[in-house]
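To start, the structure under review is shown below, and the notes come after it.
Each reported figure results from applying straightforward, stated rules to the coordinates on display, with no laboratory input. Fair warning: this is a prediction, and the values are worked out from it, not measured in the lab. Glycine also receives a Cβ, built like all others from the backbone with ideal geometry; neighbour counts cover every protein chain displayed.
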Protein chains: 2
Amino acid sequence: MDTTRLKDFFTGLQSRIVAELEAFDGQPFRTDSWVRPEGGGGISRLIEEGDFFERGGVNFSHVTGKSLPASATAVRPQLAGRSWEAMGVSLVLHPRNPYCPTAHMNVRCFVASKEGEEDVWWFGGGMDMTPYYGQREDVVHFHQTCKDALAPFGDEVYPKYKHWCDEYFFLKHRNEPRGVGGVFFDDLNEGGFERCFELTQAVGNAFTKAYLPVLAKRREMPYDERERDFQAYRRGRYVEFNLVWDRGTLFGLQSGGRTESILMSLPPIVKWRYDWQPEAGSPEAELYEVFLKPQDWA
Amino acid sequence: MDTTRLKDFFTGLQSRIVAELEAFDGQPFRTDSWVRPEGGGGISRLIEEGDFFERGGVNFSHVTGKSLPASATAVRPQLAGRSWEAMGVSLVLHPRNPYCPTAHMNVRCFVASKEGEEDVWWFGGGMDMTPYYGQREDVVHFHQTCKDALAPFGDEVYPKYKHWCDEYFFLKHRNEPRGVGGVFFDDLNEGGFERCFELTQAVGNAFTKAYLPVLAKRREMPYDERERDFQAYRRGRYVEFNLVWDRGTLFGLQSGGRTESILMSLPPIVKWRYDWQPEAGSPEAELYEVFLKPQDWA
């Protein structure tokens, strides 16, 4: 299979997103290229201590291997042992202002090959938003943008991927969702390559439309130590999810991926406190009572 | 099997350690008892924002189940399905002063029972120290205390458990040990119950002798933002190890353990920075070059 078109899309998407984020922040993103000894490599674009973003990264990676590990193909065990190729863009952004949510987006494609047989491919991806102080209209905008992006692919797609997202970004040890969700999909290969690739492009291309207007609306909101403290506490949940439950992170760390690129998803400053509970009726309590309850936002 | 003696030792050990830590800190530890719906419960003793300890916990837990999960018995698959009982003390302490190391200790016993057959039991445990600014004499003292505690059980025990500790507390995704090590053992049942129980008691009883003199020697050392910053950065490694690699933490979180007690091991304030490297010749570089290299300390 010729993966040039995929690569063009993913690298182009990374560049376009970074350009928009740089314009939003005012500071340039750093660029780090890396090579994976076992095959492939990537380009990490990242920012720390920006004017707006406290830490964030937009990673492109394209890695190849000679034998697909069984752990990578839970739903397709018959593919274990094939040569493989994985490519995608993954980003996490942590604004400094606690009124601005953290967000994550990922789009990826996997190809497994064997001489004399047809290539097997599938797409995956999604985006989700994690507010500290929720605003209903922001969550509606984020979800509506996801819904609009997926509408051309069938009315059933958004509800299905929205539900999948609620299930995936869930901290079982806290019985708590990571945030207000968004969309998530994996193992997508139904309807042909063109449809699947287009759907994946639609998700990737929708990210800045879903997220930047939320940031633009909240970036001037004043905040104090109280909000920063709650943000640092809630960021602990982000760390817990990514290190305990996120399959992509764990697979990367346990299979010799580039640690510094993978862990760009972790927040810059995090606090843990024992058995902390928000005061009843406070804005912090509202996060738990209103926004961390999965519901139909769009 | 009558586990009263075990319980007396573990609860007594918890009380004695907490009393010593309270005397050292000057502030009392909080006490939280909890019940596990599936059987058993525990007592968490913890401190936050103490005069000396920034955060720390000393947990006793005694949990029981009707059917041992296969994941808990990797080395004894034939025991899966037995009723079981696990009991132990686990502690992690995070001093505020970056010249004072973080430390961890755990001692535990597991019993698997089946009607008509003999109980199967085994002990596990250990302790390890994680300095931010290493001091050779402190590391030697910590290891020498472990070595002395294990000497009555055979000269081969300390080197074996010391090596096991180096292997266990290792961040594979960083190719880096968690700290300067100590001792670690698991699946201990050779030599009879009395010997194994005594060895486990010796490890538990040695903890404050190994650790408190180090803290006493360093607690008055002045520090500044630079040292606090490096401490916060290095604490990120502690989080990464506990959430990605520590079997006890993962088993606890994934099997419905009490999250707030398990995650008392996480530090109060943590920072992540991209691809941070210490300046050549700095005290921070010395940590990597001297202290994060496994070696014979005692």
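Shortest first, in nm, what separates the label point of B:Arg195 from those of the same position in the other copies (7 Å along Cα→Cβ)? Distances between equivalent label points, in nm: 6.8.
Taking only the Cα atoms of the range B:63-138, the ratio Rg/Rh comes out at 1.20, with Rh defined as the Kirkwood radius. Its relative contact order, with pairs defined as Cα atoms under 8 Å and 6+ residues apart, puts the range A:150-232 at 22 percent. The trypsin sites (Lys or Arg not before Pro) of the range A:127-203 that DSSP puts in a loop, and whose beta carbon has at most 15 other beta carbons within 10 Å, are A:Lys172.
Taking every residue in A:203-215 and counting other chain Cβ atoms within 10 Å of its Cβ, the average works out to 0.
Counting only other chain Cβ atoms within 10 Å of each residue's Cβ, the peptide A:250-262 averages 3. Each peptide in B:197-209, B:96-108 was scored by the mean count of other Cβ atoms within 10 Å over its residues; highest first, the order is B:96-108, B:197-209. Within the range A:139-168, what residues put their amide N at less than 15 Å from the label point 7 Å along the Cα-to-Cβ vector of A:Glu194? Flagged as within label range: A:153. Across the identical copies, the label point of B:Asp119 (7 Å from Cα in the Cβ direction) is separated from its matches by 6.1 nm, in order from shortest. Quick check: from the Cα gyration tensor, does the range A:139-178 come out rounded (a/c under 1.5), prolate or oblate? Because a/c hits 1.5 or more and a/b fails to exceed b/c, the range A:139-178 counts as oblate.
Distances between copies at A:Gly39, taken between label points 7 Å from Cα along the C-beta direction, are 4.7 nm in increasing order. Between B:Glu118 and B:Arg228, what is the label-point separation in nm under the 7 Å Cα-to-beta-carbon projection? Placing both labels 7 Å along Cα→Cβ, they lie 5.8 nm apart. Within chain B, helices built from complete DSSP H runs that reach 20 Å or longer along their own axis (Cα positions) and carry a mean Kyte-Doolittle hydropathy of -1.0 or higher are B:4-25, B:136-150, B:193-218. The C-alpha radius of gyration of the range A:179-298, expressed as a fraction of 2.2 N^0.38 Å, stands at 1.32. Chain B residue nearest by beta-carbon to the axis mapping B to A, with distance in Å: B:Leu243, 2. Here is how the number arises for chain B: DSSP H runs of 4 or more residues each give -39500 (n - 2.57), the sum is divided by the residue count, and the result at 222 nm is -11500 deg cm²/dmol. Rounded to the nearest Hz, the phi-derived 3J(HN,Hα) couplings of the range B:97-107 under the Karplus curve 6.51 cos²θ - 1.76 cosθ + 1.60 (θ = phi - 60°) are 5, x, 7, 9, x, 7, 9, 9, 9, 8, 9, where x marks glycine and proline.
The mean number of partner chain beta-carbon atoms within 10 angstrom of a residue's beta-carbon across peptide A:38-48 is 1.
In percent, what relative contact order does chain A have, based on Cα pairs under 8 Å that are 6 or more apart in sequence? Relative contact order here is 17 percent. Here, P(r) means the percent of Cα pairs in each 5 Å bin from 0 to the largest distance; for chain A it is 1, 5, 12, 16, 19, 18, 13, 8, 5, 2, 1, 0, 0. The range A:178-222 and the range B:226-249 have Cα centres lying 32 Å from one another. In plain terms, the bigger the Kirkwood radius, the slower the diffusion; for the range A:220-266, with that radius from Cα pairs, at 10 °C and 1.306 mPa s, Stokes-Einstein puts D at 130 µm²/s.
For the pair the range B:271-286 / the range B:76-126, the C-alpha centres are spaced 35 Å from each other. In whole percents, the pair-distance distribution calculated for the protein assembly as shown from its alpha-carbon pairs, binned every 10 Å from zero, is 3, 16, 25, 24, 19, 10, 2, 0. Extension gain, B:Ala285 to B:Ala216, is 22.4 nm, computed as 0.36 nm per intervening residue step minus the present C-alpha separation.
Set the Cα radius of gyration of the range A:101-241 against 2.2 N^0.38 Å, with N its number of residues, and you get 1.19.
Placing dummy labels 7 Å off each Cα toward the beta-carbon, the span from A:Ala298 to B:Asp296 is 6.5 nm.
Computed over the range B:1-139, the quotient of the alpha carbon radius of gyration and 2.2 N^0.38 Å is 1.22. The protection proxy used here, the mean number of other Cβ atoms lying within 10 Å of each residue, ranks peptides A:252-258, A:124-130, A:282-288 as follows, highest first: A:124-130, A:252-258, A:282-288.
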